[in-house]
Every structure is written in C-alpha cells, then in structure tokens.
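The values are calculated or read from the model by the stated rules, or taken from the named source; none is laboratory data. Because the structure is a prediction, the values reported are computed rather than measured. Just so you know, the surface numbers come from the protein's heavy atoms only, side chains and all, with ligands and any DNA or RNA stripped out. Shrake-Rupley method; radii C 1.70, N 1.55, O 1.52, S 1.80 Å.
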Amino acid sequence: DHDRCSKLDETYLPTRVIDCSDPSKPRLFETHRQIKGYYCTLSYVWGGEQHQKTTAANIDTYVREGINVPLPQTIADAIFVTHKLGVRYLWVDALCIIQDSFEDKVKELANMGRIYRDSSLTISVLSAYRADEGFLPDERTSVVSLGRMLLKYDIPRQDPSLGYKHQTVATHSPLDERGWCLQESILSPRRLIFQPPYVQYKCRSFSQNFTPDRWEKETASGYSQSDYILFTIAKDTSASGGGVADDKLRERWEQILSSYTRCKITVPNDKLVALAGVAEVFQSISQDDYLAGLWRRTLLNDLLWKPFGPIGPDEVLPPRPVEYRAPTWSWASVGDVVINPHRKHMFEDPSTEYEAEILACEVTPKSSIHPLGEVEEATLTVEAKIRPLMLDGQKCTFMERKGTRTGDVFQSVSLGGDWVAPVGNCLESGSSSVDRLGGEGQEKKRIGIRFDCLEGTAQDRPMDFFVIILRAGRRWGNREGYRDEGWMRGLLVLRVEDDVEQYRRVAKLDLQYNFQWPDWFDTTPLKTVTLV
C-alpha cells in the first residue's frame with residue numbers, strides 16, 4: 001500500500017530458482033522464464049571460490065535429484081528464511097547461473113537488474129565475510145575464524161570543544177564494500193537486512209529495525225530519499241514521461257558512481273557489468289544513451305571526471321588494466337580509485353565562451369545480449385582546440401611531487417601528491433594556479449596534475465603529450481569585472497603511436513589563469529581528433 005513501492009505481484013521467475021519447499025532437500029527448478037510466481041533473492045559476499053555451485057556437469061542432477069547438501073551456511077540460512085516467510089523460490093547466483101558456461105553467464109548477468117527489481121524480497125547479509133559463515137543466530141559452531149572486527153569508536157580530542165573524532169559505534173559491513181551489492185540494494189524493492197544481532201526491514205517507503213537498542217530509534221523513512229526518483233511508481237509519473245528533473249537524476253547518478261567506485265570488484269572485467277542494472281533504470285527514465293559509463297546528453301561534462309585515491313606520501317597510482325575493458329575517456333578504464341564526477345559550478349555555464357563539440361561516439365559491446373555490460377571497443381570524436389603540451393612541441397616526461405602527512409597517530413593532515421611537467425609547458429603560461437587536492441585555488445609556482453593511473457608517468461622515455469581544451473572562459477562569473485580570472489577544463493592525452501589523430505586520456509586538466517590569458521589559446525585552431 002506504499003505509494004513509492006511496487007505492488008507485490010507475481011512476476012516471471014528467473015531462468016532458474018531454488019525450490020525451498022523442503023529446506024533439507026533444496027532443488028534447482030528451471031522455469032525458462034515462462035512461469036510466474038513469488039521469489040526472494042540473496043545478496044551476500046562469496047569470500048572466495050565457491051565449492052558448491054552449478055556447473056554444466058551437475059545441473060541435471062540438481063534439477064532431478066536436488067542440490068547436494070550441506071550447502072554453504074549463508075545459502076542454507078537463506079533457504080530457511082525463504083521457507084519461513086512462506087515464499088517457495090529463492091534466487092542465488094552461485095546456484096542459479098551455470099558458473100562454467102560463458103554463454104549462460106552473459107545471458108543471466110544481462111538480467112541481473114531485472115532479477116533483483118522483480119523479486120518479492122532481497123535477503124541482504126551485511127556482516128558475513130564468506131558464504132560459509134551464515135547469518136542466523138543459533139548454537140552451531142562457526143566453521144571459520146571471523147578475523148578482526150573493525151569498529152568506529154570515540155576518541156576525545158585534547159580540546160573538548162571540538163567534540164569527538166568519531167561519533168558512532170558500528171560493526172564492519174563487508175557486503176557494503178562489494179561492487180555488485182550496490183546494484184542489488186538499489187534495485188531491490190524490499191530488503192530484509194541481517195547484521196547480527198540486528199535484523200532490519202527496508203522498502204522504498206518504510207524502515208523498521210526488529211531488534212532496536214537503546215541508542216537507536218525506529219524510523220519511518222525507507223530507502224535514500226534520492227532513490228525515490230528512480231522508482232516513480234506513484235500515480236502520475238511514467239518512466240518516460242519527464243516527471244523527473246534531469247538535474248536531480250544526474251545528481252543521483254553522480255552519487256551512485258562515487259559510491260560504486262569505492263567498492264571492490266573481484267573480476268576486473270565486471271566493472272561496467274556490475275552497474276549495468278542501475279544504468280538500465282537510468283536509461284529508461286532519462287531516455288538517454290549510456291556510453292561505456294557516460295551519458296550522451298551530458299557527454300562533454302562527463303568526460304571531466306577525475307580519480308580520487310589514497311593521499312599522502314605513500315599514495316600509489318593504479319596501473320591501467322592489462323585486458324581492455326573500456327576506452328581511456330571512461331572512468332571504467334581505471335581501477336581501485338574513487339571517481340569524482342565533474343559537478344558544474346553555478347558560474348561555469350555563464351562564464352563559458354568556448355566549448356568543444358562532440359561529433360560522434362561509438363561503443364561496441366562484447367555481447368548484443370548485454371549492451372550495457374562489457375565493451376569490445378569505443379571511440380569518441382570531438383572538434384576541439386588541441387596542442388602539444390610543450391611549447392616547442394617536443395616529447396617530455398613528468399616529475400613526481402610526493403604527497404605529505406603532518407601530525408601524529410591521533411590527528412593528522414594528508415596532502416595529495418601530483419606530477420609536474422618540465423619548464424616550457426603550455427600549462428604555465430603566465431601567472432596560473434591549478435585545482436589540486438589539498439590546495440584548491442591556491443597559487444603554485446609550478447602546476448601539478450594528478451594522473452588517472454600509471455600510464456603517462458614513466459621516467460625512462462619521453463612521451464608525446466597533448467592538451468585538449470573542452471571548455472574555457474576569460475572571466476569567472478556572469479557580471480562584468482566580477483573576477484578577472486580565466487579558466488580552462490580539458491584533458492591531458494597521449495598520442496597513439498603511428499596514428500596522428502588518435503589519443504588516449506591520461507589526466508583531467510582544471511586550470512585557472514589570473515589576469516593573464518595564455519597566448520597560444522587564441523591561435524590554436526580547432527581540429528577533429530579521436531579519443532580511444
């Protein structure tokens with residue numbers, strides 16, 4: 001009866017589900033997506049290779065005679081919970097996907113968004129590090145060591161007026177660190193969350209903790225307020241009816257992207273796959289094209305993402321993945337870093353007097369069955385101002401400027417490092433500064449940039465760097481004389497060897513110029529270039 005919740009109706013069951021009629025003898029049931037019914041889904045952490053899983057060799061046995069028991073305790077507990085809830089079927093990835101069949105994996109992963117979106121309830125196991133740990137409180141002996149438990153705790157500061165460094169006490173939640181989990185939690189209409197000793201129910205309108213403690217109050221709010229826009233089931237808004245403001249939708253996508261890139265992905269090539277179900281919902285609502293993690297209508301802005309990794313003297317840039325998974329202009333082409341999408345300042349549009357033009361963007365998926373998943377190849381063609389990084393047009397290498405950390409073990413301040421181009425580069429034309437971690441808008445003697453990954457940082461050979469300007473203006477603000485500060489946003493790229501007009505992104509550029517505009521900008525012609 002909740003306005004923001006989908007009605008609890010029978011839906012077409014996934015290709016395979018576990019029949020939980022008898023929890024002691026679970027059986028795999030093949031539906032071929034031709035049978036309707038109610039089913040639950042399980043969201044959990046594998047924690048390593050699963051010894052009990054469906055393969056081409058055992059699937060017939062699992063269907064005819066039942067699944068071998070004992071099962072990993074988390075799956076056994078989920079079967080028990082499903083049965084006690086009065087629901088017959090449960091979907092678990094390890095058992096409902098043929099794990100050694102590439103074709104079946106592609107087909108079922110393409111349906112992951114729909115599987116969780118159509119389920120009656122998702123059982124979310126927040127605190128189990130491995131599938132054999134389980135989540136129901138009983139007298140059984142744990143079969144594995146839980147290891148260290150991470151807690152947030154209160155540390156008084158020396159100055160009492162500053163309060164505490166940490167205000168809450170909370171157990172660690174390994175499920176929240178798993179990339180696939182974010183999609184599962186967003187798309188599931190209802191969740192029963194197990195984090196022993198707590199059990200909580202959440203839907204899109206309501207939340208209830210079945211085991212409240214004296215510090216926690218029950219709340220009537222459900223999922224994140226911002227997720228309401230993704231599921232406008234209420235009376236007057238359809239998926240394509242324009243009931244959702246584009247800026248609100250984009251803001252939610254940016255939040256999800258930042259959260260998602262904080263999570264771990266066990267299989268690197270799943271970087272786009274594990275978010276495809278959420279992307280499918282956004283695509284349906286916005287009626288926009290999803291392009292290897294970016295969106296066609298906001299493509300120029302989306303190109304200006306930047307990585308945010310560990311900062312301080314020990315920070316290390318991640319390598320570019322060995323196996324191709326996305327074009328370099330996509331955030332999915334780098335790993336193990338948090339992605340900060342570019343958020344336009346209120347002055348950016350009225351201050352813009354130059355902007356590059358997107359001419360074409362072509363993305364070829366690896367499989368037509370899963371068009372928003374893995375990418376085979378992609379190219380982006382733009383008309384923009386492009387010039388060599390060095391004023392003399394020569395190749396060069398960058399010098400690393402290490403990050404710093406000051407303070408003690410109780411309270412410290414870390415500043416991110418960056419990389420500096422040789423003297424004579426076009427970025428340092430006149431008096432300039434650059435937006436960098438720990439010193440936004442601060443005057444620097446030398447401009448530093450943060451690379452997306454290790455590509456471009458080699459010291460053993462000079463490389464052919466170019467600067468592509470995507471957006472620029474001579475004044476920051478929309479009033480005459482408001483701020484005499486020019487600015488440019490663009491990309492640092494490497495020219496592909498043996499190809500004059502193909503380039504690979506290696507960094508975002510965010511430049512400010514106080515009072516003196518670079519001489520080369522006005523004389524640099526527009527060119528058609530391709531990013532790969």
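Tabulated values for the structure
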read-out: Accessible area of ASP519 in the full protein assembly, 1.4 Å probe (Å², nearest 10); value: 120 Å²
read-out: 5 angstrom amide H check on ARG27, placed H, neighbours 5+ away; value: ASP19, ILE67
read-out: Kirkwood hydrodynamic radius (C-alpha pairs) into Stokes-Einstein, the stretch 351-396, 37 °C and 0.692 mPa s, D in µm²/s; value: 236 µm²/s
read-out: With all protein chains modelled, accessible area of HIS32 [1.4 Å, Å²]; value: 120 Å²
read-out: Candidate residues LYS264, LYS306: accessible-area rank, largest first, probe 1.4 Å; value: LYS264, LYS306
read-out: Rg in Å to one decimal, and Dmax rounded to a whole Å, for the stretch 302-419 via C-alpha atoms; value: 18.7, 54
read-out: Alpha-carbon centroids, the stretch 246-279 and the stretch 310-326: separation in whole Å; value: 18 Å
read-out: Distance violations [Cα-Cα > 26 Å] among LYS271/LYS508; LYS25/LYS84; LYS53/LYS84; LYS105/LYS508; LYS248/LYS402; LYS264/LYS344; value: LYS105/LYS508; LYS248/LYS402; LYS264/LYS344
read-out: Nonlocal amide H pairs with GLU377, under 5 Å, H built at 1.01 Å; value: THR364
read-out: Between the stretch 45-101 and the stretch 360-417, the Cα center-to-center distance that results, in Å; value: 41 Å
read-out: Global geometry of the stretch 13-130, whether rounded, prolate or oblate, following the gyration tensor of its Cα atoms and the 1.5 cut on a/c; value: rounded
read-out: Relative contact order of the stretch 1-85, defined on C-alpha pairs under 8 angstrom at six or more residues apart (%); value: 32 percent
